[in-house]
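Colleague: Have a look at this one before I ask anything.
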Amino acid sequence: MAPGGSCAAQGTTVYEENEQIVAAKAGETLLLLGNEAIARAALEAGVDLAATYPGTPSSEIGLVLDDVAKEVGLKFQYAINEKVAMEVAASAAVGGLKSLVFMKHVGMNVAADALMTLAYSGVRGAMVIVTADDPGCHSSQNEQDNRLFAKFANLPLLEPATPQECLDFTKFAFEFSAFLELPVIVRTTTRVSHARGPVTVGDRATPKRTAHFDREPSRFVMLPSNAREGHKRVLQKMRLAEGISESTPLNRVEDLGRKGDIGIVASGPAYPYLMEFADDLMGKVLKLGLTNPLPKTKIAEFLRGVKRVVVFEELEPYLEDQLRALANEYDIHVEVYGKGQGLVPRTGELDPDLIAEALVRLEMLDPKTVQRLRDVKLPKVPERPPVLCPGCGHRGVAYAARQASRRQDVLFPVDIGCYSLIEYPPTATGDILLCMGSSIGTGAGLAATTDKKVLAFIGDSTFYHAGIPGLIHAVHQNLTMTVCIMDNGTTAMTGHQPHPGIAEGGHPAVDMEGLVRACGVKSVETYDAYDVKALTKAFRRALDRDGVSVIIARHECRLLELRDQKVKGVAPTLYQVIPEKCTKCDFCIDAFACPALVKLEDESVAIDPAFCNGCGVCADVCPPKAIVLVKEVRA
């Protein structure tokens, strides 16, 4: 993505795509991702502050808003973690502003401590919480369904199905929040967040910008006596929300035009998948967009008009279970089908094929329709195993750790980030991974309960996010373990967002080494991540040392480094194999496995210049020293 035109009003520069999102006039139609549509909706709502910790599949919301913040006059913050982002956005909304906080689904677990009590106090302005769920675990450690958070916290929940609905529902969420004085949750899933479709935009609004905080401790200081009243307050407001759920067109019944006693209920991306077969179906569809609280009366009326109902939704049987309960409560005799009978999978993403096959099994759809789908021969996508980028510093660090731990029984807790890929062979340095920041905590547990040596890996952004408390715990418990902070100077996995260790835009950096020492760690050593020999020796020393030791392996993400070199006109370095020196031992492929290393027909190894990013670490690990800089060969 190249920088586009300048926004003269503020003298800032934004990317061309984002500039179009800002500049579009009411009635204009753009081709937007669902995430981009949410960002545009926030601008149309006049959002004053947006905060997040980056996480896929929600990342593009921040990539847009961060880029255009100065131009449109909103405050945008990448927070140290989701809980802080939630608290920042809550404070702005309590002060009468409109705020947006967004995160991937597991981020809600981090933010939940603030969220659950925020529901009691509510807000004075408006606050929208976007959670992007990840069915199929495309980039996540689980596929939890965050609709359950809305039930848990007693907060309204909206489920858009298309990019256009991402815009419309998010704008409605701001209005809904202002009316109820409660945060409103917008839940997307991967296929909604990352689908691109036509979106007709409205007018942008101007942020209010300055909050005014009126003291009201009985509402905003959640001591037990105030919390008890807060719980009653949120329940009263949710009764108001239920009335709106009954009347809003976001929850609507659609007649398929052919009579039948069949009902279909759908939410999120399941709805557009279902409607691909609308011409072949009979009965009627209940499309649910506001799914907490549910419109009980409307659903009961729908259920009374049919004999069989099938429910399509992604992940948990959230709607299905509530429909069954409602049928029982209203004494309606109707058969409800869905995930309960295994008709639709409870794991992974839905798609049109899965829905069509379910409808055929219930004899709601002609089997020939499914056969037509199967007859469509799509080209097979080549398999691509997960692998670190060529030139990534994490590869050399993991290689050094493996070399240093040979002939030792070492456990390797690993964490969330690009470097989680070091779990795969040949480095295979990942034994346990739970959640953000867990490598140090689980490492502390292993150090306390086993006789193994422990070497935990954590990235720089993840360390600031949730690793610090674990490190303090390990020091305080007087444990013996080694922590390697893999510092590539960015939050690389989600698109190179900043974190507190980076000084930019007038924000000072939080010194990592000083922070580690302040946690009580006596042994703190820093090395270049490309210096495999020094790292190998450092790991050996650390594994033989008592107490907690920290090794910081630092090298800027190679992709950013190459980008900056390109801007400066610096030609990238390239390496190649001298055929006469290659002994065909395959050590570089078997132990290091950079994607740029390829095997030739004669069993020798070569470096593909199209992939080589010029880090040179392969030259260090090659036993016969057959890998050299290209310019050395030319000389």
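The values are calculated or read from the model by the stated rules, or taken from the named source; none is laboratory data. The structure presented is a predicted model; accordingly, all values stated were derived computationally and were not measured. With ideal geometry, Cβ positions are generated from the backbone for all residues, glycine too; neighbour counts draw on all protein chains shown. Only protein heavy atoms, including side chains, enter the accessible area calculation; ligands, DNA and RNA are left aside. Shrake-Rupley method; radii C 1.70, N 1.55, O 1.52, S 1.80 Å.
Colleague: Of all the residues that make up the stretch 361-400, how many are modelled with pLDDT of 95 or more and not in a loop (DSSP other than H, G, I, E, B)?
Modeller: 8
Colleague: Give the residue that is nearest to the chain's Cα centre (by Cα), with candidates limited to residues of the stretch 436-482 that are closer than 17 Å to residue 501 by Cβ and outside any helix (DSSP H, G or I).
Modeller: 436
Colleague: Please name all residue pairs, on different chains or six or more residues apart, with Cβ atoms under 7 Å, provided the first residue is in the stretch 115-133 and is touching a residue at least 12 places away in the same chain (Cβ under 8 Å) and under 19 Å from residue 54 (Cα atoms) and the second residue is among the charged types (D, E, K, R) and assigned to a strand (DSSP E or B).
Modeller: What qualifies is 131/187; 132/104; 133/187.
Colleague: Do we have any residue at all in the stretch 350-360 that's closer than 21 Å to residue 147 by Cβ, assigned to a loop (DSSP other than H, G, I, E, B), touching a residue at least 24 places away in the same chain (Cβ under 8 Å) and open to solvent by 20 Å² or more (accessible area, probe 1.4 Å)? Let's see the steps before the verdict.
Modeller: Applying the first criterion (closer than 21 Å to residue 147 by Cβ) to the stretch 350-360 yields 350-351, 354-355, 358.
Adding the requirement that they be assigned to a loop (DSSP other than H, G, I, E, B) leaves 350-351.
Imposing the further condition that a residue be touching a residue at least 24 places away in the same chain (Cβ under 8 Å) reduces the set to 350-351.
Going one step further and asking which of them are open to solvent by 20 Å² or more (accessible area, probe 1.4 Å), we end up with 351.
Yes; the residues of the stretch 350-360 include at least one that is closer than 21 Å to residue 147 by Cβ, assigned to a loop (DSSP other than H, G, I, E, B), touching a residue at least 24 places away in the same chain (Cβ under 8 Å) and open to solvent by 20 Å² or more (accessible area, probe 1.4 Å).
Colleague: Considering the stretch 67-82 alone, what residues qualify as being surrounded by fewer than 22 Cβ atoms within 10 Å (Cβ to Cβ), part of a helix (DSSP H, G or I) and among the charged types (D, E, K, R)?
Modeller: Within the stretch 67-82, 70, 71 meet the criteria.
Colleague: Moving on. Only one of these is closer than 26 Å to residue 243 by Cα, modelled with pLDDT of 95 or more and aliphatic (A, V, I, L, M): 303, 350. Name it. Working first, answer last.
Modeller: Working: 350 fails: closer than 26 Å to residue 243 by Cα.
Result of the check over 303, 350: 303.
Colleague: Look through the stretch 591-614, keep the residues that are in a loop (DSSP other than H, G, I, E, B) and among the charged types (D, E, K, R), and return whichever of them is nearest to residue 422 (Cα to Cα). Steps first, please.
Modeller: Step one: list which residues in the stretch 591-614 are in a loop (DSSP other than H, G, I, E, B), which gives 593-596, 600-604, 608-614.
Still in the running and among the charged types (D, E, K, R): 601-603, 608.
Details: 601: 28, 602: 29, 603: 26, 608: 22 Å.
Only one residue tops the list, namely 608.
Colleague: Now, a different point. List every residue pair whose Cβ atoms lie under 6 Å apart, where the two residues are 6 or more positions apart in sequence or sit on different chains, the first residue falls within the stretch 397-413 and is in contact (Cβ under 8 Å) with a residue 40 or more places away in the chain, and the second residue, located anywhere, is acidic (Asp, Glu) and open to solvent by 40 Å² or more (accessible area, probe 1.4 Å).
Modeller: These pairs meet every condition: 411/431; 412/431.
Colleague: Could you tell me how many of the residues in the stretch 249-295 are in a loop (DSSP other than H, G, I, E, B), open to solvent by 10 Å² or more (accessible area, probe 1.4 Å) and of a type in the set (Ser, Thr, Tyr)?
Modeller: Of the residues in that region, 0 qualify.
Colleague: Next question, about the same structure. Does the stretch 419-435 hold any residues that are surrounded by fewer than 20 Cβ atoms within 10 Å (Cβ to Cβ) and not in a loop (DSSP other than H, G, I, E, B), and which are they?
Modeller: Correct list: 423, 432.
Colleague: What's the total number of residues in the stretch 77-112 that are out of contact with any strand residue (DSSP E or B) (no Cβ under 7 Å at 6 or more places or on another chain) and either hydroxyl-bearing (Ser, Thr, Tyr) or at positive phi (or both)?
Modeller: Within the stretch 77-112, the subset out of contact with any strand residue (DSSP E or B) (no Cβ under 7 Å at 6 or more places or on another chain) is 80-81, 83-84, 87, 91, 94-96, 106-107, 109-110, 112.
If we keep only those that are either hydroxyl-bearing (Ser, Thr, Tyr) or at positive phi (or both) too, we end up with 91, 96.
Going through the stretch 77-112 one residue at a time, the tally reaches 2.
Colleague: While we're looking at this one, here's another question. Show the residue pairs meeting these rules: Cβ distance below 9 Å; 6+ apart or different chains; first residue within the stretch 186-197 and without any contact (Cβ under 8 Å) to a residue 60 or more places away in the chain; second residue buried (at least 24 other Cβ atoms within 10 Å of the Cβ) and small (Gly, Ala, Ser).
Modeller: Pairs that qualify, where the first residue is without any contact (Cβ under 8 Å) to a residue 60 or more places away in the chain and the partner is buried (at least 24 other Cβ atoms within 10 Å of the Cβ) and small (Gly, Ala, Ser): there are none.
Colleague: Which of the following residues is of a type outside the set (Asp, Glu), at pLDDT 95 or above, in contact with a helix residue (DSSP H, G or I) (Cβ under 7 Å, 6 or more places away or on another chain) and closer than 30 Å to residue 227 by Cα: 99, 91?
Modeller: On the way: 91 fails: in contact with a helix residue (DSSP H, G or I) (Cβ under 7 Å, 6 or more places away or on another chain).
Of 99, 91, the one residue that is of a type outside the set (Asp, Glu), at pLDDT 95 or above, in contact with a helix residue (DSSP H, G or I) (Cβ under 7 Å, 6 or more places away or on another chain) and closer than 30 Å to residue 227 by Cα is 99.
Colleague: Would you mind listing the strands (runs of 3 or more DSSP E) fully within the stretch 86-192 where at least 2 residues are open to solvent by 10 Å² or more (accessible area, probe 1.4 Å) and under 30 Å from residue 29 (Cα atoms)? Write out each step before concluding.
Modeller: Working: elements: 98-104, 126-133, 184-189.
Hits in the stretch 86-192: 98-104.
Colleague: If residue 327 meets every condition in (1) modelled with pLDDT of 95 or more; (2) assigned to a loop (DSSP other than H, G, I, E, B); (3) buried (at least 17 other Cβ atoms within 10 Å of the Cβ) apart from one, which number is that one?
Modeller: (2)
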